[in-house]
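Step one of this worksheet: look at the structure below.
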Amino acid sequence: MTDQLAIQGVSRVFESPNGQRTQALQPIDFAVASNDFVTILGPSGCGKSTLLRIVAGLERPSTGQVLLDGTPVDGPGADRGMVFQSYTLFPWLTVAQNICFGLRERGLPE
Ligand SMILES: Nc1ncnc2c1ncn2[C@@H]1O[C@H](COP(=O)(O)OP(=O)(O)OP(=O)(O)O)[C@@H](O)[C@H]1O
Ligand SMILES: [Mg+2]
């Protein structure tokens with residue numbers, strides 16, 4: 001069976017204009033199969049959001065690649081959804097309503 005989502009050797013280094021390098025994410029490998037429910041745990045600054053942004057296609061990895069059903073992720077797409085940590089949530093909606101917002105906009109039934 002092919003993995004739905006494969007994270008292969010994905011890492012990210014940010015470089016500032018003055019040349020300072022920040023290793024935001026060390027190389028990581030894992031796979032998420034269809035219907036898996038995965039939690040990423042780690043201390044603040046270990047690279048969780050960076051990894052999610054790479055999977056969402058909002059950020060490029062410095063090394064490695066993300067495959068979705070065998071196809072490399074090279075940008076954002078409607079085949080992946082992301083609920084951001086704070087300021088892009090609708091505070092008047094519940095967690096479930098925030099998660100369903102994009103699906104509702106696409107006209108999917110409850
Ligand atoms: N655009 C960026 N430019 C430079 N450094 C960055 C950038 N984005 C993140 N970092 C740094 O990369 C590291 C990982 O950040 P990240 O936001 O992925 O951590 P996190 O695990 O999501 O933390 P938290 O639990 O606080 O949300 C941190 O040291 C952060 O300061
Ligand atoms: Mg974060």
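One table, with the values for the structure above:
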quantity: Index of the failed condition, Phe14 passing every other in (1) at pLDDT 95 or above; (2) away from ligand 2 (no atom under 16 Å from the Cβ); calculated: (2)
quantity: Candidate set: region 22-44, residues that are closer than 12 Å to Ser11 by Cα and within 13 Å of ligand 2 (Cβ to nearest atom); chosen: the one surrounded by the most Cβ atoms within 10 Å (Cβ to Cβ); calculated: Leu25
quantity: Test: Gly47 is within 16 Å of ligand 2 (Cβ to nearest atom) and surrounded by fewer than 12 Cβ atoms within 10 Å (Cβ to Cβ); calculated: no
quantity: Residues of region 91-110 satisfying the condition of being open to solvent by less than 60 Å² (accessible area, probe 1.4 Å) and within 20 Å of Ser49 (Cβ to Cβ); calculated: Asn98, Gly102
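For every residue, the table says whether it meets (1) modelled with pLDDT of 95 or more; (2) within 12 Å of ligand 1 (Cβ to nearest atom).
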| site | (1), (2) |
| --- | --- |
| Pro43 | yes, yes |
| Leu52 | yes, yes |
| Gly57 | yes, no |
| Arg60 | yes, yes |
| Val73 | yes, no |
| Gly77 | no, no |
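Matching residues to (1) within 16 Å of ligand 1 (Cβ to nearest atom); (2) of a type outside the set (Asp, Glu); (3) assigned by TED's automatic domain parsing to the domain that holds Arg106:
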position: Gln20; (1), (2), (3): yes, yes, no
position: Gly47; (1), (2), (3): yes, yes, no
position: Leu68; (1), (2), (3): no, yes, no
position: Leu89; (1), (2), (3): yes, yes, yes
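The values are calculated or read from the model by the stated rules, or taken from the named source; none is laboratory data. Since we're looking at a predicted model, the values are computed, not measured. Don't worry about glycine lacking a Cβ; one is built from the backbone with ideal geometry, like all the others, and counts go over all protein chains shown. Keep in mind that these areas ignore ligands, DNA and RNA; they rest on the heavy atoms of the full protein, side chains included. Shrake-Rupley method; radii C 1.70, N 1.55, O 1.52, S 1.80 Å.
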